[in-house]
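Bear in mind these aren't lab numbers, they're just calculated from the coordinates by the rules spelled out. Small disclaimer: the values here were computed from a predicted structure and weren't measured. FYI the Cβ positions are ideal-geometry reconstructions off the backbone, even for glycines, and counts take in every protein chain you see.
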Amino acid sequence: MSTLLFRDSTPDDISTILTLSHAGDARGADTPPLDPATLTDPRYRAAFDDIAADPNHRLIVADRDGQVVGTLQISIIPGLPRFGARRGMLENVHIRADQRGNGLGSEMVTWAIEECRRAGCSLVQLTSNKVRTDAHRFYRKLGFEATHEGFKLYL
């Protein structure tokens, strides 16, 4: 029987997280193809360190028997609306292709929702690329509602 755990990532997980993220991205969306030679670019480590240093952000991996098979980032956002409610933001949700369809994604997102609840959040939100219709069905199945239209401005 395999063992699955959700844990905070370590610097050793960076290249696997990047590979999962790029493999799951909708081509032609907002991420250029991954060049394996860039996996050790120091900017990735600097970004990792920024996330790890901020208690409102967690970069999580799903670890099955010592192999990273999924990832997501949880960000806790304080705000004034809703009487100072905190929001949980899920970002960069990706499951390794050979692990999809067996409930891992549902288990990982459900775990992340509970982590947001423990952090005092009153809601959890996420965005998903418009072309990822399978992901939209997946999130709806978990109880998420498409309530807003998102916008980006690249700088």
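Cut-off 10 angstrom, C-alpha nodes, Gaussian network model of the chain. Which of Leu20, Leu142, Leu72 fluctuates the most?
Maximum among the listed residues: Leu142.
Counting only helical runs of four or more DSSP H residues, what would the 222 nm mean residue ellipticity of the chain come to if each run contributes -39,500 (n - 2.57) and the total is spread over all its residues?
-9500 deg cm²/dmol
If each residue of separation counts as 0.36 nm, what is the full-extension length gain between Ala23 and His136 once their alpha-carbon separation is subtracted?
38.9 nm
Could you work out which residue, out of Gln73, Gln99, Gln125, moves most in a Gaussian network model of the chain, that is, has the largest mean-square fluctuation with Cα springs under 10 Å?
Gln99
Of the chain, which part is the longest with no chymotrypsin sites (Phe, Trp or Tyr not before Pro) in a loop (DSSP not H, G, I, E, B) and with at most 12 other C-beta atoms within 10 angstrom?
Result, exposed sites excluded: 1-150.
Taking the Cα centroid of the range 77-132 and of the range 39-56, what is the distance between the two, rounded to the nearest whole Å?
Answer, in whole Å: 20.
Taking the range 52-155, which GluC sites (Glu not before Pro) meet the DSSP loop condition and have no more than 16 other C-beta atoms within 10 Å?
Glu145, Glu149
Indicate, rounded to the nearest 5 percent, the antiparallel portion of the DSSP beta bridges found entirely in the range 4-141.
Percentage antiparallel, nearest 5: 80.
So what is Rg over Rh here for the range 4-141, counting just Cα atoms and using Kirkwood for Rh?
0.96
If I build a Gaussian network model for the chain, linking alpha-carbon pairs within less than 10 angstrom, which residue out of Thr16, Thr38, Thr71 has the largest mean-square fluctuation?
Result: Thr38 has the largest fluctuation of those listed.
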